[in-house]
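Here's the structure, in structure tokens; my notes come after.
Any read-out appearing in this document is the output of simple, stated calculations on the displayed coordinates, not a laboratory observation. Computed from a predicted model, the values in this text were never measured in an experiment. Cβ: placed from backbone, ideal geometry, glycine included. Neighbour counts: every protein chain shown.
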Amino acid sequence: MNKTDSTFRSGFVSIVGRPNVGKSTLLNTVLGQKIAITSGKPQTTRNRILGIHSLPDGQILFLDTPGIHKARGRLNKYMVDQALSACSDVDLILLLVEATAPPGGGDEFIMELLSRSETPVFLVINKVDMVPREKLLPLIGTYAGKFPFREIFPLSAQTGEGVDDLLASIRNSLPEGPRYYPEEMVTDLPERFIAAEMIREQVLKQTREEVPYGVAVTVESFVEKEEKNLVVISAVIHVERDTHKSIILGKGGAMIRAIGKSARLEIERFLGSRVFLEIFVKVEKNWTESGRLLKEFGYD
């Protein structure tokens, strides 16, 4: 563990990488609780998500970003724009890659983009728990020969191995600065946004490969009944086709009930209160290409 000085340091750190390399898992591990949804499907993260990690002598403001890829379509272009804009005006960039494969075209594409920035970049090699140790040194050498990384950290976002060393080095690399947010805050996202994301996560997980990424969730109402320790949520799952609606509803409503139950449990864990969750499904033809609907669903 690196030693820290007595100066209070703070700053913004972007987490970037290809889709599905573990960016959201790393953020959740650092924060010790779930604010960013995860799934095995590409483009799960669509918005920049702020995670606030407070230390006695510092505060690290992480920006979790959508996976960078060569975008086609309006929604994909929006997601890549979100990721790239998160690389400007930050103090440090973490490029997350996987230990399970050598650098591919996607990694090369991102390194080429990062070479245009003067912001220091740490390489974070994730999923080291899935490969033999003797494969790590050659992989580190390959990456070091391709980009002038400030530091390189092998770790496992899933198990937490190596994360403390990364956090210590990030804190030491940040400038002297203020505490931007109260110590108890872990994100600036509204609770209704996180609730909508947790519902969307369960759609992705429960429907497996049957429903593509063209699913959006909006929370129509979010009512807190403090005297009953209860939050009443009404949400709409928006899909592009009638066939997708049928899949999400399931035979006799079985799928929508499973989605609702799993999402409710996740939201209850996050809010620390009981939740009554009501979900509807609505077809919005080709919403991923509609400027009006993208804005309405929060992708503007």
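Sort F8, F276 so the one with the fewest other Cβ atoms within 10 Å of its own Cβ comes first.
Numbers: F8 16, F276 13.
By the 10 Å Cβ count, ascending, the order reads F276, F8.
The amide H of E240, built 1.01 Å from its N in the peptide plane, has E284 as neighbours under 5 Å, considering only residues 5 or more places off or on other chains. Near the amide H of V281, within less than 5 Å, lie the amide hydrogens of I237, all on another chain or at least 5 residues away, with H placed in the peptide plane.
Which residues does a label at V283 reach in the range 241-263, if reach means a backbone N under 20 Å from a point 7 Å past the Cα toward the Cβ? 241-257, by backbone N distance to the label point. When the C-alpha to C-alpha distance is required to be over 19 Å, the pairs from K127/K261; K34/K205; K261/K295 that qualify are K127/K261; K261/K295. Placing pseudo-labels 7 Å out from each Cα toward the beta carbon at R269 and Y181 gives an inter-label distance of 2.0 nm.
The separation of the range 119-162 from the range 187-260, counted between C-alpha centres, amounts to 36 Å.
Close amide H partners of G11, meaning residues 5 or more places away or on another chain with modelled amide H under 5 Å apart, are Q59, L61. When peptides 156-163, 16-23, 258-265 are sorted by average Cβ neighbour count within 10 Å, with the highest value leading, the order is 16-23, 258-265, 156-163. Gain on full extension, evaluated as 0.36 nm per residue between D164 and K261 minus their Cα-Cα distance, stands at 31.5 nm.
The modelled label-to-label distance between R150 and E226, using points 7 Å beyond Cα along the C-beta direction, is 4.2 nm. Using all pairs of distinct alpha-carbon atoms, the Kirkwood hydrodynamic radius of the range 162-300 works out to 17.1 angstrom.
Coupling constants for the range 275-281 follow from the phi torsions by the Karplus curve (6.51 cos²θ - 1.76 cosθ + 1.60, θ = phi - 60°), and in residue order they are 10, 9, 10, 10, 10, 10, 10 Hz; glycine and proline get x.
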